[in-house]
Amino acid sequence: MTKKMTGGQAAVEALRAEGTSHVFGLIGSATMEMFDALYDAEDINFIGVHDERTGTHMADGFARMSGEAGVILAGQNGPGVTNLVTGLAQARAAYSPVVAIGGALASGHRYRDAFQEVDQDALFRPVTKKTWTATGADRVPEMFREAFREAMAPRRGPVMLNLPRDVLAAEAEYEPLQTRDQYRPYVAPGAAPQAVAQAADMLSKARQPVIIAGGGIKNTDGAGPCLSLAEALNCPVVTSPGHGDALPFDHPLNAGQMGPRGNIVASRLVKEADVILALGTRVGFNATFYSYDNINRDAQIIHVELEPTAIGRYFPAALGVLADAPTAATQIREAVERINDRAVADAWTEGFKSERAAYLAKRDAEAQVDAMPIHPSGLFKTLRDVMPRDAAVTMDAGTLCLQATDALNYYHPRSLFTPLDFGLVGFSFAAGLGVKLAAPDRPVISLMGDGGFGMTVSELSTAVDYGINTVTVVMNNRCWGAEKAYQRDFFGERYIGANISSPPFDKLAELYGAKGYKATTLDEMAQAIEDALDCGKPAVIDTDVDPAALYSFRRDSFKHRGG
């Protein structure tokens, strides 16, 4: 039986067929038919945001935590949709499946310099997997199916679907809509048997093997297969930057995050390994800076990836394996045979375990817990001590959050959410709101600098209005820390634009109807975290952090200055 609906009603029915539970958005006149249909959709929670950019970060966080597509609706063409650009560029860098829906001009008004006209297709092509415009009301369900299929297909990423006013207003007869299980069933592809046998042989013969676990392990809940293989080989595992939660922190073979922004133990393993199994990672910029300073030039790399163009792209692969990472790990585990002559490899792993234990003990012992104002090392130790084991943590870019990435402990997959390669300031708080909606029973703690929180503070209204109770820790050093560090280290302390001022964020939170805390000591911070998690409201902790505790992470960028 067919059903007569407007394009706007069909759009909402298409979301329902996808099992969509939340839509983030900002109302606009271009999509009124769709908003009116959402009014009747009691099974879809609409979260009204204050800025389309931060709404996109919420959809991004929701997608990464849930494993499903996050949906953002920019109700207005022109300025409403242009605000999505930064958020979608961020989602693309993180391979996050965000479905962006934008209002668009009436079809008859295009190319006439109409009010709020911009070429939305051209604008979004560089920052999405696919961008297109619906051509008629009768094709709305088809194009929504294409949007979700494209966003969720490996490698995942954001898409942009523009909906002209006349398309949403027009009526059409529709066949019953297909559900997602009917039109995009998916079975993870395994590795070819020959590749499995070769990988197993290389790993069994390795004297100093290491596994790199990336997003292809984290985002598929693949810790079990990865660690089962590691245990069979008695082989250490490092995680790629931003994916320190891919494996439980306390597993004895977990070395933590590698690379220039990781820890010295994990980084050494990759620099000295003779065989590297890269599982679901590009071995890209954040992991290596594309430099053999951060990976052994002589290592044989077994590169397992779902994206064929990623295999061997930055470093030559001795063996490229086109497969789902945890599936391939299981296959290799079944093929691996422990041989008697493993003394060298076992000694390599035992040495790593001792070094890792010493590193963690030193990290705690050397944390500056009495410094005033608070030193980042002391703050991170306090967070390690008081954060619940199941906490999800979101972070911005910037010097303090980069220092924090490998300084906290993650015990569950999908516990760490960062901007990854896009390096975005202003991501964390909004993303945390999306993470919390995807996992309401888990505590969510968002770390930000004062600059980044100032960019996005208006979403406190969203948090309060919809009861999204996250805890945001504002590490307040009154500056743009990363850039100030570069000015200090490479430009003779010629500071310009580096220092900023902000209102008391704890008091500002109270004005929004949230709960605010001020912490000037680590004891106050520990108590504030516990109170904030129990307060039943969105909470903001404003803490003073030493403005001199800055670190230049991208020293490679300023080698020309002799620093």
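No value in this document is a laboratory result; all are computed from the given coordinates. This one's a predicted model, so the numbers in the text were calculated from it and none came from an experiment. For neighbour counting, all protein chains shown are included, and Cβ atoms are generated from backbone atoms with ideal geometry for every residue, glycine included.
A few comments on the model shown:
- Peptides 438-446, 177-185 ranked from most to least packed by the mean count of surrounding Cβ atoms within 10 Å: 438-446, 177-185.
- Principal axes of the range 3-183: Cα extent on each, largest first, Å: 38, 36, 27
- With only Cα atoms counted, the range 193-359 has Rg and Dmax values of 13.9, 40 Å.
- The distance separating the Cα centre of the range 442-478 from that of the range 205-284 comes to 31 Å.
- The alpha carbon radius of gyration of the range 367-561, expressed as a multiple of 2.2 N^0.38 Å, is 0.98.
- For the range 285-299, 3J(HN,Hα) computed residue by residue from phi via the Karplus equation (6.51, -1.76, 1.60; θ = phi - 60°) reads 4, 4, 7, 9, 6, 6, 10, 6, 5, 10, 7, 5, 4, 8, 6 Hz, glycine and proline entered as x.
- Of all DSSP-defined beta bridges confined to the range 367-561, some 5% are antiparallel rather than parallel.
- Around residue 329: net Lys/Arg minus Asp/Glu count, Cβ-Cβ under 15 Å: -3
- Highest mean first, the peptides 62-74, 422-434, 526-538 sorted by other C-beta atoms within 10 Å per residue fall in the order 422-434, 62-74, 526-538.
- All Cα pairs of the chain, percent lying beyond 34 Å: 43
- Spatially, the range 492-512 and the range 335-404 are offset by 30 Å when compared through their Cα centroids.
- Over the chain: helical MRE at 222 nm, DSSP H runs n ≥ 4 each giving -39500 (n - 2.57), nearest 500: -11000 deg cm²/dmol
- Cα coordinate range in the range 429-496, projected on the principal axes (Å, largest first): 48, 21, 14
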